[in-house]
Amino acid sequence: MKVLFAASEMAPWVKTGGLGDVAGALPLALRAQGVDVRVLLPLYPALRAAFASSEAVVRIPAVGHMPAGSLHLATTADGLPLYLLECNALFDRPGNPYLGPDGRDLPDNALRFGMLAHAAALLATDASPLSWHPEVLHCHDWQTALAPAYLRYRLGLVSGHARTVLTVHNLAFQGLFGRDMLEPLGLPADCWHLHGVEYHGYLSFLKAGLQHADALTTVSPTYAREIQTAAEGMGLDGLLRYRAADLTGIINGIDTVQWDPATDVHLPVHFDHKRLKHKKAATQALRRELGLATECSGPLLGVVSRLTQQKGLDLLPPIADRLAALPVQLAVLGSGDQALEAAYAELGRQYPAQFSVQIGFDEGLAHRIEAGVDLFLMPSRFEPCGLNQLYSLRYGTPPIVRATGGLADTVIDAADAARGTGFVFTNASPEALLATIERACGLWRNSPQFHVLQQRGMRADYSWRQPAQAIAAIYQRLLH
């Protein structure tokens, strides 16, 4: 079976979130199961530097107002073939792949990702300039979601084409542009209707994919149900209910080689579920690194996240005084809303021995926080899948999560003595978060029960093996 992945980012070269992790890990897991997967990506500066010896193999023609480009063929160290879409006018930009230096969306994102989606659609047809023709085109999020529409309204009219799958990693990002972008994107006027690309007067890349892809997936079963409701459907719940039979929720995996406390290169000490006592040394090392008091009668809590309301991190500053009095310590690594960044920075200044706040991102420190803290906080208002709770479970760090999306699917509350792995609450309020932290602190002090919780989480399988099997089964159903 031959599958073309089309994505706008891929770890470790270009990553802004979970999409980059999935594009970096899932193709390798599918190849391990015998699927011939190749990945289409824009040739960003980071990828050009990483694959400097790659050469153009075919030309991609101009369409609408999108210029011509070329495809470079490269191969990763793991043997995964990459098709890198070169167009310097659109992709030769430093920094974030979607945002300018001012933090706003780049003004030509419609053309940039329209070109990526059109290239994906072209490669999925019999008219492809490549000799390798995929049987399935797997698109990811709004940046490539226009590809099934190109097959429906443009390329598929003159050529046979692959079946299509669209994975929604976060429904909140929909790729909305004006109707005046139809011609620049090379789309015909007759696709502008309720059952086409139109969405409340806008051209929606994501809606176009949800309308026209053969199969839809998202990154957890609970999120698949949530996005079919008016509360969580971001205005697309009606379409998603209509396509419910074609929608499957599949929990993401994690890279269990990179995220392994027994071998993690970022850690000062290694441990596993049989050597859990060594985790205490990681905790003390983290305290020293962050300048926290090395003695505390309460647990050390951790946060590695975007500092946004979506992540529920506005719930923590209002209870900071009560957390300090419990007492607990807190290690925060992240960036996001300026007001929240300022609020967390102030907590670090107010409680320097108890709260450490690092604004920004540091990959090594993220690993050391997962390994060194006793409890990990993820009070998200919505969370399609989440990866940090899986890292936490693997590192013997029971997560404290709100029951939403993938968090609800992967963390079982400690009240379930036979299956519990963490601590779960429902209401998105500071009081509910505080009560759950207090409950977790109580169990932390009861070491035998807490150790059972840690070990149960560490023994579970969080690899991509089972998710890859579920994805491959969807491909098979489409082809047979």
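What to note about this one:
- Exceeding the 32 Å Cα-Cα cut-off - candidates Lys15/Lys279; Lys15/Lys277; Lys2/Lys279; Lys2/Lys311: Lys15/Lys277; Lys2/Lys279; Lys2/Lys311
- Packing-based exposure ordering (other Cβ within 10 Å, fewest first) of Glu383, Glu55, Glu183, Glu198: Glu55, Glu183, Glu198, Glu383
- Across the stretch 463-472, rounded Karplus estimates of 3J(HN,Hα) from the backbone phi angles (6.51 cos²θ - 1.76 cosθ + 1.60, θ = phi - 60°) give 6, 7, 4, 5, x, 5, 5, 5, 5, 4 Hz, Gly and Pro being marked x.
- Here the dipole of the stretch 276-459 is about 620 debye; that uses its Cα centre as origin and unit charges on the Cβ of Lys and Arg (positive) and Asp and Glu (negative).
- Sequence-ordered 3J(HN,Hα) estimates for the stretch 342-354 from the Karplus curve with 6.51, -1.76 and 1.60 and θ = phi - 60° stand at 5, 5, 6, 4, 5, 4, x, 6, 6, 10, x, 7, 10 Hz, glycine and proline given as x.
- Sparse packing (at most 11 other Cβ atoms within 10 Å of the Cβ) combined with a DSSP loop state is found for the following trypsin sites (Lys or Arg not before Pro) in the stretch 411-475: Arg419.
- Straightening the chain between Arg459 and Ser297 buys 55.5 nm, computed as 0.36 nm per residue apart minus the Cα-Cα spacing.
- Each label was represented as a point 7 Å from its Cα along the Cα-to-Cβ direction; for Ala244 and Ser447 these points are 5.1 nm apart.
- Arg306/Val257 FRET efficiency (R0 22 Å; Cβ-Cβ; nearest 0.05): 0.30
- Karplus-based coupling profile of the stretch 19-35, in residue order and whole Hz: 4, x, 5, 5, 5, x, 10, 5, x, 5, 5, 5, 5, 5, 9, x, 8, with θ = phi - 60° in 6.51 cos²θ - 1.76 cosθ + 1.60 and x standing for Gly or Pro.
- Applying the criteria of a DSSP loop state and at most 16 other Cβ atoms within 10 Å to the chymotrypsin sites (Phe, Trp or Tyr not before Pro) of the stretch 164-208 yields Trp192.
- Converting the Cα gyration tensor eigenvalues of the chain into ellipsoid dimensions via √(5λ) gives semi-axes, longest first, of 41, 23, 22 Å.
- Helix 363-372 axis, angle to the chain major axis (alpha carbon atoms, nearest 10°): 40 degrees
- Dipole of the stretch 274-319, positive end: most advanced residue of Pro317, Val303, Gln284 [Cβ charges, Cα centre]: Gln284
- Over the stretch 276-459, the alpha carbon radius of gyration divided by the compact-protein estimate 2.2 N^0.38 Å works out to 0.92.
- For the stretch 261-317, applying the loop criterion from DSSP together with a ceiling of 11 other beta carbons within 10 Å to the trypsin sites (Lys or Arg not before Pro) yields Lys274.
- Rounded to 5, percent antiparallel among DSSP beta bridges of the chain: 30 percent
- Counted by neighbouring Cβ atoms within 10 Å, the residues Lys2, Lys15 run from fewest to most as Lys2, Lys15.
Read-outs throughout are calculated quantities, based only on the coordinates presented, and are distinct from any laboratory measurement. Please read these numbers as outputs of a predicted model, since none were measured by experiment. Backbone-built Cβ (ideal geometry, glycine too); neighbour counts: all protein chains shown.
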